[in-house]
1. Would you list which aspartates and glutamates come within 15 Å of K253, measuring only between C-alpha atoms, while excluding same-chain residues fewer than 8 positions from it?
2. Can you give the extra length, in nm with one decimal, that the chain gains between Q28 and C169 once fully stretched, where that is 0.36 nm per residue apart less the Cα-Cα distance?
3. Checking the cross-link filter: which lysines have an alpha carbon closer than 17 Å to that of K47, excluding same-chain neighbours under 8 positions apart?
4. Of the residues D326, D66, D158, which exhibits the maximal mean-square fluctuation in a Gaussian network model of the chain defined by a 10 Å Cα contact cut-off?
5. Considering only protein heavy atoms and a probe of 1.4 Å, how much of the accessible area of the chain is carbon and sulfur, as a whole percent?
6. When the solvent-accessible surface of protein heavy atoms is calculated with a 1.4 angstrom probe, in what order do H62, H151 fall, highest first?
7. Working with all protein chains in place, sort F398, F119 by solvent-accessible area computed with a 1.4 Å probe, largest first.
8. Please say if region 173-217 is rounded, prolate or oblate, where rounded means a/c under 1.5 for a ≥ b ≥ c the square roots of the C-alpha gyration tensor eigenvalues, and otherwise the choice is prolate for a/b larger than b/c and oblate otherwise?
Amino acid sequence: MATCVQYRLVVRDVSTLQILHLFTCLDQVSHMEWSSDSLFILCAMYKRGLVQVWSLEQPDWHCKIDEGSIGLVCSQWSADGRHILNTTEFHLRITVWSLSTKAVSYIKYPKDCPKGVDFSKDGRYMALAERRDCKDHVSVFVCNDWHLFRHFETETQDLAGLQWSPNGCVLAVWDSCLEYKVLLYSLDGRFLSTYSAFEWSLGIKSVCWSPSSQFLAIGSYDEKVRILNHITWKKITQFEHPVTIDNTKTVYKEVERRPPVGSDELSIHNSGIGSTLLNTQSKYEICPLPIQIPAVKPDPDRANPKIGVSALAFSSDSRYMATKNDNMASAVWVWNMQKLRLEAVLEQISSVHCFQWDPKRPRLALCTGNSKLYLWSPGGCVSVQVPTEGGFQVQSLFWHCSGESLILLGEEQLCLCYMDTDQCVHTERDGSDAVALNCP
């Protein structure tokens, strides 16, 4: 586990939290990223146009890349973990630096868009969005020697993103929010299909492939998710996010309660180790149907309205999909992709900041900016208090690749959470896994 504090890079063992390496960078680190084989760590300092690379096998070895006066706005690893892609200011070009051969390659005309670069899952190809002569293009590069494999123009007004399917056979390209359009291309650049749900209204807000590559989920500003199949590329169903829910299996509602303060609690509190025990506790209750989900009506006169499906995520086995509708910010919707229906709704007290699936099991973790971790699985829901001092608030989280632990990130602290899969929490209609929290 790597963490950055200003200009220091600290590498710890995930199991013991013992410090293995301590590196000092030349300036405050803006971005940090592991190589795909976990042998190198990239540290980018955008203000100075610098990138430093550190080796875990050879701590004395290091690499420094200086982009000079042309500047630096983005730095990332290639899929092989031996090349670094640096994007210059104003997106004038992308420079590809090789750590093994010290060769340098340049790619012109990269487009400044939220999702303009994507690697196929096997790491063999890279797709790049480009803007030439006021038109959108896509270039496909072979990553072993960075030669151009295919180049084609796309029928988009303002390309907003692209993404490979997990099997690497199809490239999805979508337009900006001003036009609802998704285009699908084969690996060799052949046009396969296009999909447009409507016109003359705000369109696509999020796009996500299922791990099986069978489904392409498209979230839009009309508060719906449309699912395309991989055979005909037609819509097979759409999921809506109504204010009134009356047709789901379970609705879990978070309920707060304050523990009674007695002599035992006071003695613990006075000892200085139990301040978190006196925090407001919460649990989930199963609500009878129908139920109203709190919704906020956005201001139509303001830019970027808080409405529409902004977050989509599939479970690792493609059985479930989680969504968040921005004008119902306190709810997470879980859909059953085998039965194509709503499986559960989690209604939180506060707005949901982040959610992410366990990479190995159908288990969803989420946070709402407070001192609690929330977990959902097909067996039920659980709310866990993070045992830290000083009001630790979980702003975001992400899983370890094994699914046995996850990191909870606050503004100035982090907490490493270990999942105890051998035990189960037995509560009312609750079969979620137990959680052991360790806070360095």
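The values are calculated or read from the model by the stated rules, or taken from the named source; none is laboratory data. It should be emphasised that the depicted structure is a prediction, and the values quoted were computed from it without experimental measurement. Positions of Cβ are backbone-derived with ideal geometry, glycine not excepted, and every protein chain shown enters the neighbour counts. For accessibility, only protein heavy atoms count, side chains too; no ligands or nucleic acids. Shrake-Rupley method; radii C 1.70, N 1.55, O 1.52, S 1.80 Å.
1. E285, E343, E347, E428, D430
2. 46.8 nm
3. Straight-distance partners of K47: K64.
4. In the Gaussian network model the winner is D66.
5. On the way: 10560 of 21560 Å².
Solvent-exposed carbon and sulfur of the chain make up 49 percent of the total.
6. Numbers: H62 105, H151 75 Å².
Final ranking, largest accessible area leading: H62, H151.
7. Working: F398 90, F119 40 Å².
The most accessible residue leads, giving F398, F119.
8. Values: a/c = 2.50, a/b = 1.46, b/c = 1.72.
Cα axes put region 173-217 in the oblate bin.
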